1. Once every DSSP H run of n ≥ 4 in the chain is given -39500 (n - 2.57) and the sum is divided by its residues, what mean residue ellipticity at 222 nm do you get, rounded to the nearest 500 deg cm²/dmol?
2. Please find the FRET efficiency linking residue 103 to residue 30, where r is the Cβ-Cβ separation and R0 is fixed at 25 Å, and quote it to the nearest 0.05.
3. For the stretch 18-151, build the convex hull from the C-alpha positions and give me its volume per residue in Å³.
4. Consider a paramagnetic label point 7 Å from the Cα of residue 91 along Cα→Cβ; state which residues of the stretch 191-224 have an amide N under 16 Å from it.
5. Kirkwood hydrodynamic radius, computed over distinct alpha-carbon pairs, for the stretch 167-310: how many Å, to one decimal?
6. For residue 21 and residue 151, FRET efficiency with R0 = 35 Å and r from the beta-carbon atoms, rounded to 0.05?
7. How high is the relative contact order of the stretch 162-292, in percent, counting Cα pairs under 8 Å that sit 6 or more residues apart?
8. I'd like the orientation of helix 292-305 relative to the chain: the angle between its Cα long axis and the longest Cα principal axis, in ° from 0 to 90, rounded to 10.
Ligand code: GLU
């Protein structure tokens, strides 16, 4: 079948097909504030490098970005530490659950990659860079607003508090990292910033817009900000491809063929290099903690557009 070029048509078809699957999967319930979200929602937004936007479904409904934020803190941390970051965190798929502690012990406090929770805590620590947590939170939120070109990006205090109240596993990972001397700031401060970055509330439209620099060599083509270098952009995309869906990353690459990063709020950011940034959202998750309908939608999008990188 020839690729469809009309992106309004693509999102219309995808949203229509996904309507038969709404409610499939399980909403994350280990963070009480996320457990209340209605699973029967789906949004999709595509922003192209030449500024076209196509959206459908609940693309204007804000949701909890959760681990999709890890892509953006990684960009900030690479800009800050450059090569030195890779002494503190690896870049191999983990093959374990996103919050596994076993691997961290075996690998002596160097997390496998920046997208499992332990790795993301190290990245957040690098963003804090010994400064105040409140400043790092302001920096991260400001970065997202600038990239989304929308002041209406906020941090949901209820979600952040709910994560802090129940984040024993993340606290354990952070203390473990500290015991291996792989955190510079106090554990409580790293956790505070991490929970707040996860609690960012964005719509598909805002998220797709914010990810656009990843589709264009680190240069945001719409506001001409060089967010990071072309080489760092390639590396972020490579890590999204190999590690962006936890231990289902291989399956996502197999079915969709685009660098992507998921979050337990049900969002996924996917990048079609040189073409577009795409955000989908549907709260029901698969076993591995990725949006079930979101991944299905991206699989259809890749088939309809022919955008797979392979
Ligand atoms: N805040 C969540 C946690 O650290 C993020 C997990 C995710 O989105 O995968 O548990």
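1. On the way: 13 runs with 138 residues, N = 310.
The helix-only estimate for the chain comes to -13500 deg cm²/dmol at 222 nm.
2. Details: r = 19 Å, r/R0 = 0.78.
The value I calculate is 0.80.
3. Numbers: hull volume 21.9 nm³, N = 134.
Cα-based convex hull of the stretch 18-151, divided per residue, equals 163 Å³.
4. Answer for this model: 214, 217-218.
5. Numbers: mean 1/r = 0.0615 Å⁻¹.
With all distinct Cα pairs of the stretch 167-310 included, I get 16.3 Å.
6. Working: r = 34 Å, r/R0 = 0.97.
So, using R0 = 35 Å, E works out to roughly 0.55.
7. After rounding, I find 18 percent.
8. Tilt of helix 292-305: around 50 degrees.
A short reminder: the numbers here are calculations on the coordinates, not readings from a lab. Predicted model only: the values in this text are computed from it and were never measured. We place every Cβ from the backbone using ideal geometry, glycine too, and count neighbours over all the protein chains shown.
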